[in-house]
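Beneath this line is the structure, given in structure tokens, with notes to follow.
What follows is calculated from the coordinates using simple rules that are stated; it is not laboratory data. In this text, all values refer to a predicted model and were calculated from it rather than measured experimentally. Cβ coordinates were reconstructed from backbone atoms using ideal geometry, including for glycine residues, and neighbour counts include every protein chain displayed.
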Amino acid sequence: MASPSQTTSGFDLSRIRIKDLRLRTFVGFNDEEQRKRQDVVINIHIDYDAAAAARDDSVAKALDYKAITKSVIALVEDNRFLLLEKLVHDVLIQVLDYPGVQRAEVEVDKPHALRFTESVSLTMSGSREGLV
């Protein structure tokens, strides 16, 4: 039996990184945060078994990270979030919902959320096994 980080082909899981996805959404519970969209920066790590896609050079066997990114964009831009925790959680669940995704980690930065800081960020991770 393969370990959680190993595939049935004997290869370790591959990792796709979606870096610095810059979006605007309503996040926060203060009056101004409720009236005005704010910038967020999203980084997503996705672990999946890429061995079959690599071996066969097959688009059909590869993870469609463009579709995942588009769904995250729609989720973030079309919703409102009181808490950064809710935003990160919802993005993580959205990513884990895609077939083939074994594990994912989502980090969302909220630039200039606190005075004297570049940003505040929150990270959550989970696996498909945890959803069953």
* Asked: Between Asp78 and Leu21, what is the FRET efficiency for a Förster distance of 22 Å, r being their Cβ-Cβ separation, to the nearest 0.05?
  -> 0.90
* Top mean-square fluctuation among Ser58, Ser121, Ser14, Gaussian network model of the chain, C-alpha springs under 10 Å? -> Ser58
* Could you point to the label whose value was computed as Kirkwood radius over Cα pairs in Å for the structure here, given (i) 15.8; (ii) 15.0; (iii) 14.4? => (i)
* Asked: Where a ≥ b ≥ c are the square roots of the eigenvalues of the C-alpha gyration tensor, would you call segment 51-123 rounded, which needs a/c under 1.5, or, failing that, prolate if a/b is larger than b/c, or oblate?
  -> prolate
* To do: Would you kindly state how much longer the chain becomes between Phe116 and Phe29 on full extension, computed as 0.36 nm times their sequence separation minus their alpha carbon distance, in nm to one decimal?
  => 29.3 nm
* Asked: Does anyone have the angle between helix 84-96 and the longest principal axis of the chain? Alpha-carbon axes, 0 to 90°, nearest 10?
  -> 20
* Could you give the angle, 0 to 90 degrees to the nearest 10, between helix 65-77's Cα long axis and the longest principal axis of the Cα atoms of the chain? -> 20
* To do: Can you tell me the dipole magnitude for segment 8-132 around its Cα centre, using point charges on the Cβ only (Lys, Arg +1; Asp, Glu -1), in Debye to the nearest 20?
  => 260
* Structure fact -> Residue-normalised 222 nm signal for the chain, counting each DSSP H run of n ≥ 4 as -39,500 (n - 2.57), nearest 500 deg cm²/dmol, is -8500 deg cm²/dmol
